[in-house]
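Contents: one structure, followed by commentary.
The values are calculated or read from the model by the stated rules, or taken from the named source; none is laboratory data. In this text, all values refer to a predicted model and were calculated from it rather than measured experimentally. Ideal geometry is used to build each Cβ from the backbone, glycine not excepted, and the neighbour counts take in all protein chains shown. These area figures cover heavy atoms from the full protein model, side chains too; ligands, DNA and RNA do not enter into them. Shrake-Rupley method; radii C 1.70, N 1.55, O 1.52, S 1.80 Å.
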Amino acid sequence: MTAKILDGNALAQKLRADFKTRATVLTAQGMRPGLAVILVGDDPASQVYVRNKVNACLQAGIHSEKIGYPPDVDQRTVLDKIAELNADPRIHGILVQLPLPRHFDSDAVLEAISPTKDVDGFHAENVGALMQGNPRFIPCTPYGVMKFFADAGIELKGKEAVVLGRSNIVGKPMAMLLMQASATVTVCHSQTRDLAFHTRRADILVAALGKAKFVTAEMVKPGAVVIDVGINRLPDGKLCGDVDFGPVSEIAAAITPVPGGVGPMTITMLLANTLEAAEREAGR
Ligand code: NDP
């Protein structure tokens, strides 16, 4: 079997088709959607992610502001800025690019964002709402993954879903969404014994570990749907995922590539969340 490639660029384009119209309608009502992105430090990968987010906003007709700080900025300065953005009517979404430098209390920073502007969905109030099955903002990466399933008509009900990774950003919300879609979910992490035992049972396998080519063909059930969230840089500078794409694509039913899979969908869902925030604010 050769897997169907779940093309994140194509799906992102399809979903973004009406974003510009939605932004134009809001702008005509005096409510141009706006996203503020806070970047602390000079991590090259974070700079690329922030640039991509700002450019994507531009293309969708969403106002965006990048607020950069040197790595040694004190937390109070950032918290004051967040308070200012919380009160700014031109801003509907606020995002703090992670990771923050070590001297920051990341939880305190994320909790300072108004839950109504928390387009990443990381605020405890939004995490709780997601857990209760009544989300206000779904974290962008797992939200994007769910769109792959919907677009490709992949049934989740009753399926064995295995999520590799338990981070607050990807693993945990992913597991929650799969469970809410009536899959039977197993979450694996660095302390899981016999990981391959679990992965080989998976009809749906989501890899979010941050370990290059960790998931080999021997770990995958033939016919599984494999979603590769990982982004890793190889010594030759090329990007690769957490899945050994070539051999696994020989046995899987469907698979996302890296790059061009989950990555473009994460940014797309950030735009979607920002538009939804502005539409809510406009009372639509
Ligand atoms: P974290 O480092 O926060 O979490 C990694 C998780 O993987 C942890 O739960 C960890 O377990 C688990 N893990 C690590 N090693 C192993 C192992 N050998 N066996 C089993 N589990 C293991 O990463 P993130 O969730 O933030 O990101 C994961 C990957 O996804 C990264 O490559 C990141 O770059 C990428 N990413 C991609 C996005 C996209 O848009 N495509 C967006 C966000 C992230 P434990 O908890 O026990 O430590």
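So that you can scan it fast, the table gives a plain yes or no per residue for (1) closer than 19 Å to Leu6 by Cβ; (2) of a type outside the set (Phe, Trp, Tyr); (3) without any contact (Cβ under 8 Å) to a residue 24 or more places away in the chain:
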position	(1), (2), (3)
Met146	yes, yes, no
Glu155	yes, yes, yes
Met179	no, yes, yes
Asp203	yes, yes, no
Val229	yes, yes, no
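For segment 181-284, please list each of the helices (runs of 4 or more DSSP H) lying entirely inside it that holds at least 1 residues being more than 20 Å from the chain's Cα centre (by Cα), within 11 Å of the ligand (Cβ to nearest atom) and surrounded by fewer than 23 Cβ atoms within 10 Å (Cβ to Cβ). Working first, answer last.
Values: elements: 195-199, 245-251, 262-281.
Of the helices (runs of 4 or more DSSP H) lying wholly inside segment 181-284, those with at least 1 residues that are more than 20 Å from the chain's Cα centre (by Cα), within 11 Å of the ligand (Cβ to nearest atom) and surrounded by fewer than 23 Cβ atoms within 10 Å (Cβ to Cβ) span 195-199.
Quick check on this structure: which one of Leu85, Leu11, Leu79 is within 19 Å of the chain's Cα centre (by Cα) and either within 25 Å of Phe148 (Cβ to Cβ) or not assigned by TED's automatic domain parsing to the domain that holds Lys221 (or both)?
None of the others qualify; the one that does is Leu11.
For Asn168, state whether it is outside any helix (DSSP H, G or I) and free of Cβ contacts under 8 Å to residues at least 24 places away in the same chain.
It is false that Asn168 is outside any helix (DSSP H, G or I) and free of Cβ contacts under 8 Å to residues at least 24 places away in the same chain.
Which residues, taken from segment 60-79, are surrounded by 12 or more Cβ atoms within 10 Å (Cβ to Cβ) and without any contact (Cβ under 8 Å) to a residue 40 or more places away in the chain?
Within segment 60-79, His63, Ser64, Glu65, Lys66, Ile67, Gly68, Tyr69, Pro71, Val73, Gln75, Leu79 qualify.
Here are some conditions: (1) surrounded by 13 or more Cβ atoms within 10 Å (Cβ to Cβ); (2) of a type outside the set (S, T, N, Q); (3) closer than 16 Å to Ala278 by Cα. Ala28 meets all but one. Which one does it not meet?
So the condition that Ala28 fails would be (1).
Among the numbered criteria (1) in a helix (DSSP H, G or I); (2) open to solvent by 10 Å² or more (accessible area, probe 1.4 Å), which one does Asn126 miss?
Only one criterion in (1) in a helix (DSSP H, G or I); (2) open to solvent by 10 Å² or more (accessible area, probe 1.4 Å) is unmet by Asn126, namely (2).
In this structure, is Gly153 surrounded by fewer than 23 Cβ atoms within 10 Å (Cβ to Cβ) and either within 15 Å of the ligand (Cβ to nearest atom) or on the phi > 0 side of the Ramachandran plot (or both)?
yes
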